[in-house]
Amino acid sequence: MNKIRQSILLELLRRDNKITPVAFDTLTQALNNGEDPIEIILKEESVSKTDIHKAIQEYVNAPYVNLDTVDTNLDFNDFLGLDLLKQYNFIPLYRFEDGTWVFGSTKPEDPFLNRILLTVTSSKYLMCSVDADKLTDYFNVYSASLAAKNALKSIQSETSSSANRGDGMSAEVANAPAVRFIDSTLEEAVKVGASDIHVEPSETRVLIRYRIDGDLQEKAAFDISFFPTIATRIKILADIDIAEKRIPQDGHITKFIGNDKYDFRVSTLPTIHGEKFVIRVLDKKIFSLSLAELHFSNEVNETIDKILHHPHGIILLTGPTGSGKTTTLYSFLRELNKPNVNIITVEDPVEYSMESINQIQINNKADLTFASALRSILRQDPDIIMVGEIRDEETAQIAIRAAITGHLVLSTLHTNEAPGAITRLIDMGVPEYLVADALVAVISQRLIRRLCPRCKRPVKPTEDQMRVLGLKDKDAVIYEANGCPYCNNGGYKGRLAVHEIMYMNDDIRATIAEKEATVEEIRDVAITKAGMIPLFDAAKQVVIDGNTSYNDLLSMIVTEERERKPAKTK
């Protein structure tokens, strides 16, 4: 950005009262000293990006476009080439029927870019301003996907050439494409936000699927003859026995993607057609999120803040596997991690290393179990203890007693609803009076798919939908999935957490202390006397707010009912 443009932008920001006269003088001095005043503003977050883009729009007559709200056509990018797009920081957004192109750029006034576009398009075009960070994110996803596709083509073509020569597939020919394919697959999975990579052999082909936002999506398929090379490469990276194919094995991959370090947990399982691989993507950035970054509702944040301020007691997170319990636990620990407290965790496995927190990795072969580690932790003068999961009676007993002797204990439990955690602890042999005394709160969590912000479409709810959602306004609108390139035509992008928080009070404690109180009785008291919002009602609000679809709400209901166990009766 040249000095003339920077100076004009500062004038526009001062004119619109986005910066003060004093700030204007300071930034002008910085400009004269060779610094970039716009970068200073962005770093200090004194002016929003939107305000800066509005100033740019007025200066170069290039309207600002939010890349989160538009579809980008990959065919355009293939036509122009990724290198050209990245070199000049622009992206094709649309092409009208009359041949007019619409481009987005971080530097819409760049004369070199405009000359290139006139040459490439051979027609008139419109220029828009886009955010640099969002454009970089787009390039990262696109380049990773392109690398995976090219690596797969390389495997197929080089193997085919070797077969045609009749000399068999040499180690070099097989290995080089396999290395590129696995590396690009790991990178693509990270860029598109996949939580797991499935490599599944069948009789004739191998299927590559990514789990994105809770659903498996097919990404690639190739002939079964390529599978031994791919399987060997994964095992080498994960430090798994290459020769052993009869039993399940586990391994671990560490890889830098860009400037970030990622861990991948690898699991193998023998099947009739060969070993199936599942590679879990462990994104450390997810585990380092603060409570604010988890996008909880304001009401949930206020309640959790009160819960975490308890000096002692036990806080439980419940929900099925994959509901984000560990991520939420780590965010709690980040909130509680202060210089004046001693925090010790016992986990299986340790997903994320946290500064100033003592973390213990379970090792069953060395008889280091949750229970044995917890007993040792109590002799280490802890203030806060995190137990990855309460799995058995011994761990439950020790955790509860630690909670009532002055420690704050955080843990998870596999139950489908918050009140069910109480009966589960009692079934594990913890007396009712200890549960009532020790328990601070139970938070039941689920992840529900978020509708793609670019392509979700409004629909008028039916009478049944309005009744279920409790809508009274006849003009009410809800949203449903559509599908676009941004969300891989799935209609969803990311997931949201919904919660059922049972915050203990005297009424709930009195109900628990009664012998053999049922889940339904505890639930009724929690709702009527403690203000607990049921999980279903919390999910309904997500639909009403336009963040998920009614079909996803129904899917959650069906899943909950299928997994719900019969209540304990008197």
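The values are calculated or read from the model by the stated rules, or taken from the named source; none is laboratory data. The structure displayed is predicted, hence computed values, not measured ones. As a convention, Cβ positions derive from the backbone with ideal geometry for all residues, glycine included, and neighbour counts pool all protein chains shown. For the accessible areas, the whole protein counts, side chains as well, though only heavy atoms, and no ligand, DNA or RNA atoms are used. Shrake-Rupley method; radii C 1.70, N 1.55, O 1.52, S 1.80 Å.
Heavy atoms of the protein only, probe of 1.4 Å, neighbouring chains included. What is the accessible area of Val281 in Å², nearest 10?
Taking all protein chains as shown, Val281 has close to 20 Å².
Could you work out the pair-distance distribution P(r) of region 358-466 from its alpha-carbon pairs, with 5 angstrom bin width and percents rounded to whole numbers?
2, 10, 18, 19, 14, 9, 6, 5, 6, 6, 4, 1, 0
Testing the spin-label approximation: label points 7 Å from Cα along Cα→Cβ at Leu118 and Lys474. State their distance in nm.
Reported label-point gap for Leu118 and Lys474 is 5.8 nm.
Mind pulling up the Rg/Rh value for region 254-374? Radius of gyration and Kirkwood radius, both on Cα. Provide the component values of the computation, followed by the final result.
Numbers: Rg = 17.2 Å, Rh = 17.0 Å.
We get a ratio of 1.01 for region 254-374.
When the solvent-accessible surface of protein heavy atoms is calculated with a 1.4 angstrom probe, in what order do Arg265, Arg15 fall, highest first?
Details: Arg265 80, Arg15 130 Å².
The residues order as Arg15, Arg265, largest area first.
Between Glu244 and Lys515, what is the spin-label point distance in nm, taking each point 7 Å from the Cα along the Cα→C-beta axis?
Simple spin-label model gives 5.1 nm for this pair.
Multiplying the sequence separation of Asn337 and Ile40 by 0.36 nm and subtracting their Cα-Cα distance, what value in nm do you get?
103.8 nm
What Kirkwood hydrodynamic radius do you get for region 328-381 when you take the inverse of the mean 1/r over all pairs of distinct Cα atoms, in Å?
Hydrodynamic radius (Kirkwood, Cα only) of region 328-381 equals 12.0 Å.
Quick one: Cα convex hull volume of region 414-495, Å³ per residue?
156 Å³
Along Cα→Cβ, 7 Å out, is where each label goes; now give me the distance between the ones at Asn33 and Val350 in nm to one decimal.
4.4 nm
If one puts a single equal scatterer on every Cα of region 191-291 and applies the Debye formula without solvent, what log₁₀ I(q)/I(0) results at q = 0.12, 0.20, 0.22, 0.24 Å⁻¹?
Rounded to two decimals, the profile gives -0.42, -1.07, -1.24, -1.38.
Evaluated at 10 °C with a viscosity of 1.306 mPa s, what Stokes-Einstein diffusion coefficient in µm²/s does region 378-430 have when Rh comes from the Kirkwood expression over alpha-carbon pairs?
Once the numbers are plugged in, D ends up at 138 µm²/s.
Pulled fully out, how much extra length does the chain show between Leu554 and Ser376, if you take 0.36 nm times their separation in residues and subtract their Cα-Cα distance?
Between Leu554 and Ser376, full extension yields an extra 59.5 nm.
Once you list every other residue whose beta carbon is under 14 Å from the beta carbon of Asp437, what net charge do they have if Lys and Arg are +1 and Asp and Glu are -1?
Spelling it out: positives minus negatives among the neighbours equals 0.
Any idea what Rg and Dmax come out to for region 179-250 if you just take the C-alpha atoms, in Å?
Cα radius of gyration and Dmax of region 179-250 are 12.5, 35 Å respectively.
Relative contact order of region 224-364: what whole-number percent is it, with Cα pairs under 8 angstrom and at least 6 residues apart?
Computed over region 224-364, the figure is 14 percent.
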